[in-house]
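Q: Let me begin by handing over the structure; questions about it come next.
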Amino acid sequence: MKFSQLSGGRLGAGALVWAYGLLLAIPIYFLVVSSLKGNLDIFNDPFGLPKEWLFENYSEAWERAVLGKALVNSAFVSIAAEIITLALVIPASYGLARSRSRLSLLIERIFALGFLIPAFATLVPVLLLSIQLGLFQRREFLTMFMVASTLSLSVILLTQFMRTIPAELEESAMIDGLNRFRIMWHIYLPLSLPGVSMIVILNFLAYWNEFLFSLVLVGSNADNRTVQVALPTLIDQTKTEFGPLLAATVITLIPVYILYIVLNRRLENALTAGAVKG
């Protein structure tokens, strides 16, 4: 009886997983197939294969939206913001995770206060700050803003992950003569790679998909605009060709999927670490 119940539970869980995967695959299929169609074909047969494969939609989207430059700008902002964020988050999280003082608890709560501030409420002050600093419509200021916008969540998440690492490892390393920096670099960082990978993916999604602040701080200047700001340039007020628009959308999704494929295993380890330890 127990065996049959266990088998039935596994079958039910497997069915739910496949159903969820199918729900995720349907919009991706629609996006890819529609990117190779014309408007008439998209609306007449949304999920059918193209009657005429319009691969030129990709070249048209690339040229009209100047996607090459936009991809470079988005990559610059996202990668630079990731590097700066990790350089700040890793030592801060290590310090908060290992400290037992009231000051560290206060600092952690100050980081948590960042969640209470709505992002759109900072739009005007951030815009005025960029103008005052002479960095309006510059990728460098957008990069600094991206770092500031994700720093609180990154520190809180990685701090909680580092707290799961046994303190005995640090004590043994200190007995062997390692200083704080070497302990963080050679012990805590390798053991925290699943948590770091989770932060990298979450932050990259936030950086890459940011639209409002990118539009306001950088503008529609083709030399500095990011890929999310470039996409709406394919929308025409009178007649929009949805094939090139969807083709451009597919192009912008490729870096996100590549990053996920590379870090997928470590992300799974981060998500299951708590369950295994429990």
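Q: Just name the residue that is farthest from S149 (Cα to Cα) out of those in the stretch 170-210 that are polar (S, T, N, Q) and under 30 Å from the mean Cα position of the chain (by Cα).
A: Taking the stretch 170-210 as the starting set, the residues that turn out to be polar (S, T, N, Q) are 172, 179, 192, 197, 203, 209.
Of the ones still in play, those that are also under 30 Å from the mean Cα position of the chain (by Cα) are 192, 197, 203, 209.
Numbers: S192: 22, S197: 18, N203: 10, N209: 13 Å.
Checking each candidate, the answer is S192.
Q: Another question, if that's okay. Regarding L31, is this residue in contact with a Ser or Thr (Cβ under 9 Å, 6 or more places away or on another chain), part of a helix (DSSP H, G or I), surrounded by 13 or more Cβ atoms within 10 Å (Cβ to Cβ) and touching a residue at least 60 places away in the same chain (Cβ under 8 Å)? Break it down stepwise before answering.
A: Values: in contact with a Ser or Thr (Cβ under 9 Å, 6 or more places away or on another chain): yes; part of a helix (DSSP H, G or I): yes; surrounded by 13 or more Cβ atoms within 10 Å (Cβ to Cβ): yes; touching a residue at least 60 places away in the same chain (Cβ under 8 Å): yes.
Spelling it out, L31 is indeed in contact with a Ser or Thr (Cβ under 9 Å, 6 or more places away or on another chain), part of a helix (DSSP H, G or I), surrounded by 13 or more Cβ atoms within 10 Å (Cβ to Cβ) and touching a residue at least 60 places away in the same chain (Cβ under 8 Å).
Q: Run down L40, L49, L86, L22 and say which single residue is in a loop (DSSP other than H, G, I, E, B) and on the phi < 0 side of the Ramachandran plot. Break it down into steps so the answer makes sense when it comes.
A: On the way: L40 fails: in a loop (DSSP other than H, G, I, E, B); L86 fails: in a loop (DSSP other than H, G, I, E, B); L22 fails: in a loop (DSSP other than H, G, I, E, B).
Going through L40, L49, L86, L22 in turn, the sole match is L49.
Q: For residues in the stretch 1-57 being modelled with pLDDT under 90 and basic (K, R), which is farthest from I254 (Cα to Cα)?
A: Looking at residues that are modelled with pLDDT under 90 and basic (K, R), I get K2.
Q: Looking only at the stretch 133-176, which residues are of a type in the set (G, A, S) and outside any loop (DSSP other than H, G, I, E, B)? Outline the logic, then answer.
A: Applying the first criterion (of a type in the set (G, A, S)) to the stretch 133-176 yields 134, 148-149, 152, 154, 167, 172-173.
Those that are of a type in the set (G, A, S) and outside any loop (DSSP other than H, G, I, E, B): A148, S149, S152, S154, A167, S172, A173.
Q: A follow-up question, please. Since V77 meets every condition but one in (1) touching a Phe, Trp or Tyr at 6+ places or on another chain (Cβ under 8 Å); (2) within 19 Å of L193 (Cα to Cα), which condition does it not meet?
A: The single condition V77 does not satisfy is (2).
Q: Separate question: Filter the stretch 216-240 down to the residues that are in a helix (DSSP H, G or I), over 18 Å from the mean Cα position of the chain (by Cα) and under 20 Å from I251 (Cα atoms) and list them by number. Working first, answer last.
A: Keep residues of the stretch 216-240 that are in a helix (DSSP H, G or I), which gives 216-218, 227-234.
Adding the requirement that they be over 18 Å from the mean Cα position of the chain (by Cα) leaves 216-218, 230-234.
Correct list: A230, L231, P232, T233, L234.
Q: Could you run through the stretch 173-194 and say how many residues are within 21 Å of R265 (Cα to Cα) and either touching a helix residue (DSSP H, G or I) at 6+ places or on another chain (Cβ under 7 Å) or in contact (Cβ under 8 Å) with a residue 24 or more places away in the chain (or both)?
A: 7
Q: When you check S59 against the structure, is it under 29 Å from Y188 (Cβ atoms), of a type in the set (S, T, N, Q), without any contact (Cβ under 8 Å) to a residue 60 or more places away in the chain and in a helix (DSSP H, G or I), yes or no?
A: No.
Q: Now a separate question. Would you please name the residue that is surrounded by the most Cβ atoms within 10 Å (Cβ to Cβ), looking only at residues in the stretch 211-251 that are hydroxyl-bearing (S, T, Y) and over 16 Å from K69 (Cα atoms)? Walk me through how you get there before you give the answer.
A: Our first condition is that a residue be hydroxyl-bearing (S, T, Y); within the stretch 211-251, this holds for 214, 220, 226, 233, 238, 240, 249.
Applying the additional criterion that residues be over 16 Å from K69 (Cα atoms) yields 238, 240.
On the way: T238: 4, T240: 12.
Of everything passing the filter in the stretch 211-251, T240 is surrounded by the most Cβ atoms within 10 Å (Cβ to Cβ).
The values are calculated or read from the model by the stated rules, or taken from the named source; none is laboratory data. None of the values given here were measured: they were computed from a predicted structure. A quick note on method: Cβ atoms are made from the backbone with ideal geometry, for glycine too, and the neighbour counts reach across all protein chains shown.
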